[in-house]
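Right, one structure below, let's go through it.
Values quoted throughout were computed directly from the atomic coordinates according to the rules given, and no laboratory measurement underlies them. The model shown is predicted, which means the values in this text are computed figures rather than measured ones. With ideal geometry, Cβ positions are generated from the backbone for all residues, glycine too; neighbour counts draw on all protein chains shown.
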């Protein structure tokens with residue numbers, strides 16, 4: 001299967017219109033239609049539901065779109081890794097970062113590394129732990145900074161010197177206390193991150209059964225639910241780094257008591273060879289983590 005055809009398919013999937021896609025691809029409409037028919041014939045099933053000039057991905061087409069996107073990303077990644085220069089370290093490093101206090105620490109180390117190796121470029125991807133681990137598994141990320149816990153059986157891990165304090169992000173004045181005792185959490189409608197392994201660990205640390213928490217909303221990235229916290233009827237059980245990212249004076253962060261903290265880990269996929277640039281950055285971060 002020609003990768004050129006995968007690119008054609010993705011443009012059609014984006015536009016839902018062969019004529020528009022053909023114009024973007026500088027092809028004739030009959031040529032592009034033939035390419036799609038040949039692709040579907042090769043795969044043995046249709047990828048689109050057709051209605052006059054409009055196309056809609058069916059279930060098979062949506063699955064193929066995800067796989068085609070990954071395949072092309074891996075090819076681009078491989079090509080970037082091979083852009084070696086004999087006189088200096090070069091290449092592209094794909095780095096995943098959770099949206100916590102680890103991000104400023106990691107960006108400062110990125111800056112220092114790039115100052116020493118200006119021919120190295122970075123592709124930084126932010127997301128929650130589940131999203132970043134999936135991209136590590138697919139091979140589209142080289143390294144990812146994640147909140148503990150992380151499954152040690154699947155990844156090589158380096159502890160990073162950044163801790164996060166857990167608490168409630170709430171509208172100012174709704175909860176006047178300066179700290180929140182664990183017993184009070186069971187009475188509040190909560191927003192939490194979707195990673196159940198983290199939720200369970202937090203509950204265990206503060207001595208609560210996870211089923212005692214009234215988690216009303218789960219979220220992969222916190223910005224989407226900020227407005228819920230501002231209503232005063234929802235409380236985001238999360239880390240201080242999320243609160244810091246909101247930059248909103250209408251909200252406050254109330255630490256848990258007893259205190260609960262989570263660390264960060266830098267993860268790479270086990271038994272995967274890194275490019276020279278990514279391997280050098282990993283060594284640089286390992287040293288930085290020990291010094292800090």
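State the antiparallel share, in %, of DSSP beta bridges confined to the chain, rounding to the nearest 5. Don't skip to the answer; put the middle values down first.
On the way: 27 of 46 bridges.
Of those bridges, close to 60 percent are antiparallel.
Nearest 0.05, what FRET efficiency do residue 10 and residue 279 give at R0 = 35 Å with Cβ-Cβ as r?
Once rounded, the FRET efficiency stands at 0.65.
Over all directions, average the projected area of the Cα convex hull of the range 166-268 and note it in nm². Before the final figure, lay out each step's value.
Working: hull surface 25.8 nm².
With the hull built on Cα positions only, its mean projection is 6.5 nm².
Calculated FRET efficiency, residue 50 and residue 220, Cβ-Cβ r, R0 35 Å, to nearest 0.05?
That gives a FRET efficiency of 0.55.
By how many degrees, 0 to 90 and rounded to 10, does the Cα axis of helix 29-43 deviate from the longest principal axis of the chain?
For 29-43 against the chain, the angle is about 70 degrees.
May I ask you to derive the relative contact order of the range 3-74, considering only C-alpha pairs under 8 Å and at least 6 residues apart, and to give it as an integer percent?
33 percent
Starting from the exponent 0.38 and prefactor 2.2 Å, build the expected Rg for the range 117-169 from its residue count and divide its actual Cα Rg by it.
That ratio works out to 1.34.
Out of every Cα pair in the chain, what percent are spaced more than 34 Å from each other?
Looking at the chain, the distances longer than 34 Å represent 40 percent of pairs.
How high is the relative contact order of the range 185-235, in percent, counting Cα pairs under 8 Å that sit 6 or more residues apart?
51 percent
Only Cα pairs under 8 Å and at least 6 apart count here; give the relative contact order of the chain as a rounded whole percent.
Relative contact order here is 21 percent.
For n ≥ 4 DSSP H runs only, could you compute -39500 (n - 2.57) per run for the chain, divide by its residues and tell me the 222 nm figure to the nearest 500?
Working: 11 runs with 126 residues, N = 292.
The per-residue figure over the chain is -13000 deg cm²/dmol.
Restricting to Cα atoms and excluding each atom paired with itself, what does the Kirkwood estimate give for the range 3-74 in Å?
Working: mean 1/r = 0.0829 Å⁻¹.
Evaluated on the range 3-74, it is 12.1 Å.
At 0.36 nm per residue, minus the direct Cα-Cα distance, what do residue 63 and residue 151 gain on full extension? Give it in nm, one decimal, please.
Full extension of this stretch gives 29.0 nm more.
Who wins for biggest fluctuation among 122, 235, 243 in a Gaussian network model of the chain, springs between alpha carbons below 10 Å?
Ranking 122, 235, 243 by mean-square fluctuation puts 122 first.
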